[in-house]
1. Look at residue 135 and say whether it is over 25 Å from residue 11 (Cα atoms) and within 15 Å of the chain's Cα centre (by Cα).
2. Out of 9, 23, which single residue is exposed (fewer than 12 other Cβ atoms within 10 Å of the Cβ) and more than 27 Å from residue 119 (Cα to Cα)?
3. For region 15-31, does any single residue satisfy the condition of being assigned to a loop (DSSP other than H, G, I, E, B), at pLDDT 95 or above, over 16 Å from the mean Cα position of the chain (by Cα) and over 16 Å from residue 109 (Cβ atoms)?
4. Kindly provide the set of residues from region 36-90 that are in a helix (DSSP H, G or I) and touching a strand residue (DSSP E or B) at 6+ places or on another chain (Cβ under 6 Å), ordered by number.
5. Would you confirm whether or not region 42-64 contains a residue that is buried (at least 16 other Cβ atoms within 10 Å of the Cβ), at pLDDT 95 or above, in contact with a helix residue (DSSP H, G or I) (Cβ under 8 Å, 6 or more places away or on another chain) and within 16 Å of residue 106 (Cβ to Cβ)?
């Protein structure tokens, strides 16, 4: 099992011909290269510093949810268990192709960021309900 935390950014990582040619969407490229693996997209829409500070116990009123996407249920269950152990609810958006709903440029990409200060400000919680709204926007 592989947890894909990456976001394609040509300015930061260089160009990837398969993505630029529109042959393979960025959110499916890793699975294409790791054919024997079970890829689950997770942790790609939260800033690493916020990941360390927004975790809360189960049932906390300000507990945040993190989206996951993958093609195999048991792999997603394992990632959801990891996410829960870090103090977050996992929100399953469906198959790996649906990870596009929390990719760069989507409302869900910045669910935990304060728009005024972005990465400098403390993270803000995003509940399951908040995340669901952003994912369907």
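The values are calculated or read from the model by the stated rules, or taken from the named source; none is laboratory data. Small disclaimer: the values here were computed from a predicted structure and weren't measured. Using ideal geometry, Cβ is built from the backbone for each residue, glycine included, and neighbour counts are taken over all protein chains shown.
1. In short, yes.
2. Result of the check over 9, 23: 23.
3. no
4. 75, 76, 79, 80, 83
5. yes
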